[in-house]
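Read-outs throughout are calculated quantities, based only on the coordinates presented, and are distinct from any laboratory measurement. Since this is a predicted model, take the numbers as computed values, not measurements. Glycine gets a Cβ as well: all are built from the backbone with ideal geometry, and neighbour counts include every protein chain shown.
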Amino acid sequence: MQRYQRQMRFHPFGENGQNALTRANILILGAGALGSHVVEQLARMGAHHLTIVDMDIVEESNLHRQALYTEDDAVNMTPKVYAVKDKIAHINSNVDVQTYYQEIDSTNIEDLLRDVNPDIVIDGMDHFKIRYLINEACHKHNIPWVYGAAVGSKGTVYGIDFSGPCLKCLLKRMPSSGESCAINGVLPPVISQVASYEVSEAVRYLSGHGFSKKLITINAFDIDYKTMNVDILKDDTCEVCAKHHYTLLETKQQQQIESLCGKTYLFRYDASVFEHADYFPGDIVKSTSFAKLIKDDDYEITLFKDGRMNVYGVEDDDEANKLYHYYLKAIK
């Protein structure tokens with residue numbers, strides 16, 4: 001325990017907190033900006049059992065705000081979960097990192113929770129629909145989770161154990177897609193601040209102090225910080241935590257076309273498409289066993305080995321729908 005003596009001298013945490021953190025089974029959903037910072041902090045603190053789920057590869061545009069990753073990872077298009085596992089092994093060899101290189105959706109999140117059996121779930125995702133799904137799944141399986149989000153210079157953190165309001169209580173409707181990291185940008189300091197508060201809430205909970213019960217809001221550019229006690233916002237008619245209606249969780253069907261950040265759309269095809277990428281219009285710029293980069297006129301495409309395809313430069317839903325079927329026809 002010599003390695004962790006400085007944090008153990010902090011009385012509210014102490015040896016008991018360190019032992020609890022070492023034993024805890026922690027699931028981090030997402031290994032992007034928030035998730036990579038969360039994983040690094042937990043590993044350095046001595047959390048020995050970490051499971052990380054992410055579907056993405058490292059790209060150069062990630063490097064300004066995401067922890068752990070290097071230019072070599074971007075050049076090699078390394079899946080983020082594998083890059084994290086490698087870096088954590090050099091930071092703290094006592095940490096057991098389990099990885100899932102996959103999407104998180106209604107078809108697999110419950111299996112994931114059963115397989116991992118986490119003591120706590122930490123949010124490292126970048127869009128709200130998934131967070132509502134996490135909220136439903138964690139409520140159904142009685143697992144506490146920490147919500148965190150950041151865009152521009154603003155961030156929000158809230159620990160949810162369902163004794164107070166859940167995410168659906170606080171945000172009855174999914175926020176509009178008006179603000180996103182692609183449109184509004186993101187300032188790196190707010191990422192590390194949000195991740196730090198997420199880790200703090202997790203450490204509080206795991207060491208027996210419970211969540212703070214506060215909704216934490218941060219503005220890293222205005223140097224502003226607020227907390228709000230949200231217990232009074234618990235909704236006795238909430239569809240999730242009051243009525244146990246799991247609408248997203250019970251929709252066991254993936255969307256074939258999904259709008260992501262900015263002008264990016266996700267297309268879902270059969271996994272066999274990866275082996276037939278040569279039939280795609282355009283040129284294959286780079287290829288690895290995990291992903292292929294394709295340039296087709298004004299579109300930049302990342303094709304993943306499971307058949308997912310991110311298409312950059314799509315203006316709207318109509319264009320996305322036409323493009324999806326155009327590429328589908330090209331590979332049949």
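Within straight-line reach of K154, meaning a Cα separation under 18 Å, sit the following lysines at least 8 residues removed in sequence or on another chain: K214, K226. Calculated mean residue ellipticity, 222 nm, the chain: -9500 deg cm²/dmol, from DSSP H runs (n ≥ 4) at -39500 (n - 2.57) each, averaged per residue and rounded to 500. Beta-bridge orientation, the chain: approximately 70 percent antiparallel, per DSSP, counting only bridges with both partners inside. Projecting the Cα atoms of Y147, T99, Y324 onto the charge dipole of the chain (Cβ charges, centred on the Cα centre) puts Y147 farthest toward the positive pole.
Contact order, relative form, for the range 257-331: 35 percent (alpha carbon pairs under 8 Å, 6 or more residues apart, mean separation divided by residue count). Under a model in which nothing but the beta-carbon of Lys, Arg (+1) and Asp, Glu (-1) is charged, the range 11-103 shows a dipole of about 380 debye around its Cα centre. Longer than 30 Å from Cα to Cα, which of K140/K322; K252/K292; K172/K322; K252/K305; K87/K234 are they? Say none if no pair is. Violating the 30 Å limit, Cα to Cα: K140/K322; K172/K322; K87/K234. Within the range 1-108, the chymotrypsin sites (Phe, Trp or Tyr not before Pro) that combine a DSSP coil assignment with at most 15 other C-beta atoms in a 10 angstrom radius are F10. Counting charges near Q5 (Lys, Arg +1; Asp, Glu -1) among other residues having Cβ under 15 Å from its Cβ returns a value of +3. For the range 44-142, the C-alpha radius of gyration divided by 2.2 N^0.38 Å, with N the number of residues, is 1.14. Applying the criteria of a DSSP loop state and at most 10 other Cβ atoms within 10 Å to the trypsin sites (Lys or Arg not before Pro) of the range 247-308 yields K252.
Taking a sphere under 9 Å around the Cβ of Y100 and counting the other residues whose Cβ falls inside, with K and R at +1 and D and E at -1, yields a net charge of -2. Around the Cα centre of the range 2-233, unit charges on the Cβ atoms of Lys, Arg, Asp and Glu (plus for the first two, minus for the last two) sum to a dipole of about 860 debye.
Magnitude of the charge dipole for the range 257-331, about its Cα centre and with charges confined to Cβ atoms of Lys, Arg (+1) and Asp, Glu (-1), is about 340 debye. Computed over neighbours whose Cβ is under 11 Å from that of R268, the net charge equals -4, Lys and Arg +1, Asp and Glu -1. Only one residue of Q255, A291, T237 has its Cα farthest out toward the positive end of the dipole of the chain, where Lys and Arg carry +1 and Asp and Glu -1 on Cβ, and that residue is T237.
When only alpha carbons are used to place a centre, the range 140-164 and the range 34-75 end up 19 Å from one another.
Spatial offset of the range 246-311 relative to the range 105-122 amounts to 24 Å, using the alpha carbon center of each. D by Stokes-Einstein for the range 2-233, Kirkwood Rh over Cα pairs, 4 °C, 1.567 mPa s: 73 µm²/s.
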